[in-house]
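The values are calculated or read from the model by the stated rules, or taken from the named source; none is laboratory data. Computed from a predicted structure; not experimentally measured. Ideal geometry is used to build each Cβ from the backbone, glycine not excepted, and the neighbour counts take in all protein chains shown. In case anyone asks, the SASA skips ligands and DNA or RNA and just uses the protein heavy atoms, side chains included. Shrake-Rupley method; radii C 1.70, N 1.55, O 1.52, S 1.80 Å.
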Amino acid sequence: MLPYNRYLFFVFVAIYVPSLKCGDVVHLSASESADKLEAVPSISTAAISSPVSKPAVDTVFSFSLLSSFPDDLEVSDYCSDLLHIFGQRYVAYVNCLVPAARPVKVCQSCYSTYGGLVEIYNNISSDQMGPGNVTCRDSLLRSDRLMLVYQLYSNLESLWEDSNCARCVTEHLESLTNDTLYFMATLNQTLTCFEKYQQGNHTELCKNCKSAYGTLNVLYSQMEKNSTLCIDIEDAMNMTRRLWSKNFNCSFPREENVPVIAVSSFMLFLPIIFYLSSFLHSEQKKRKLIHPRRAKSNTSLMNIQDKLS
């Protein structure tokens, strides 16, 4: 029995061991196939998401193509430097404008940064040759349909002109004008008076600040006639008048209102004067009217003649 049992054992081993190997092989192939099946949808999804198959291109290589134009089409180093300076000054001016939006101080706070922007733009748009006999006007301002540099500068230039800042700043954008400085000093005196008496009774404020507020109004009217007002002065005066009338409930007769009041009063009493004069004129006509005497009848005249005869 022993040899027979050994025979059965070897037969069992011969049958079982290959099955284990085959099972391992099947198991590994199944896992690999599962991985392959999981990878298949991603490929199909990518194929569906992009209808046109595009070859993979290196990003660095694609951007490096932008610098491969001929030298005669490239922007010179001098023009690139001007463009960089323009961008810096543009950003500086915009950063100055935003905080000066309310209350409006775009002229008195940002005239120096605007002057720097004007200077660099004039250098770009000039016909004068730079280093290497290079002009940047055509390459930076007119080389494409968008003309971005020109559009950016034009927008800020329009803002400066709409604000009438040239009326409050000297010709070369070096400082504020004397009229503007004097108005600001007078405005500060008026606001200081408001701050001094605003905590107490507003009647005292109206009484004690009337002189300073009146001087400010007269000065503003003179500058308005002389066309020396910019948006900063206009906004400051509007806010001051709002404080005086609405917040403090004060009143002040303005000189320019006197003729208006006089003409309005005359027009109001004009109908009364007209009807009164018409009535008096008609009464005088009635007094001057003379009633004629009636002529006597013919019979009475004949009797008188008979008596006389």
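Helices (runs of 4 or more DSSP H) fully within region 159-274 that include at least 1 residues being in contact with an Asp or Glu (Cβ under 9 Å, 6 or more places away or on another chain): 178-197, 210-225, 231-242.
A single member of 224, 234 is among the charged types (D, E, K, R) and loosely packed, with under 15 Cβ neighbours inside 10 Å, and it is 224.
Taking region 69-112 as the range and being β-branched (Val, Ile, Thr), closer than 18 Å to residue 231 by Cα and open to solvent by 40 Å² or more (accessible area, probe 1.4 Å) as the test, the residues that pass are 94, 98. Picking from residues in region 120-149 that are part of a helix (DSSP H, G or I) and free of Cβ contacts under 8 Å to residues at least 12 places away in the same chain, the one that is nearest to residue 231 (Cα to Cα) is 122. Among the conditions (1) in a helix (DSSP H, G or I); (2) over 25 Å from the mean Cα position of the chain (by Cα), the only one that residue 156 does not satisfy is (2).
Which ones in region 90-110 are within 25 Å of residue 148 (Cβ to Cβ) and either among the polar types (S, T, N, Q) or touching a Pro at 6+ places or on another chain (Cβ under 7 Å) (or both)? If the condition is that a residue be within 25 Å of residue 148 (Cβ to Cβ) and either among the polar types (S, T, N, Q) or touching a Pro at 6+ places or on another chain (Cβ under 7 Å) (or both), then 95 is the only one that fits. Scanning region 178-202 for residues that are under 30 Å from residue 117 (Cα atoms) and either surrounded by fewer than 17 Cβ atoms within 10 Å (Cβ to Cβ) or without any contact (Cβ under 8 Å) to a residue 24 or more places away in the chain (or both) yields 178, 181, 182, 184, 185. Selection within region 113-123: residues that are under 17 Å from residue 174 (Cα atoms) and not aromatic (Phe, Trp, Tyr). The member of this set that is surrounded by the fewest Cβ atoms within 10 Å (Cβ to Cβ) is 122. Quick check on this structure: which one of 125, 80 is closer than 16 Å to residue 157 by Cβ and out of contact with any strand residue (DSSP E or B) (no Cβ under 6 Å at 6 or more places or on another chain)? Being closer than 16 Å to residue 157 by Cβ and out of contact with any strand residue (DSSP E or B) (no Cβ under 6 Å at 6 or more places or on another chain) holds for just one of 125, 80, which is 125.
A quick yes/no check of all residues on (1) of a type in the set (Gly, Ala, Ser); (2) modelled with pLDDT of 95 or more; (3) closer than 18 Å to residue 100 by Cβ:
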{"site": "170", "(1), (2), (3)": "no, yes, no"}
{"site": "175", "(1), (2), (3)": "yes, yes, yes"}
{"site": "187", "(1), (2), (3)": "no, yes, yes"}
{"site": "196", "(1), (2), (3)": "no, no, no"}
{"site": "202", "(1), (2), (3)": "no, no, no"}
{"site": "221", "(1), (2), (3)": "yes, yes, no"}
{"site": "230", "(1), (2), (3)": "no, yes, yes"}
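Look at region 124-147 and say how many of its residues are surrounded by fewer than 16 Cβ atoms within 10 Å (Cβ to Cβ) and within 30 Å of residue 177 (Cβ to Cβ). Counting residues in region 124-147 that are surrounded by fewer than 16 Cβ atoms within 10 Å (Cβ to Cβ) and within 30 Å of residue 177 (Cβ to Cβ) gives 1.
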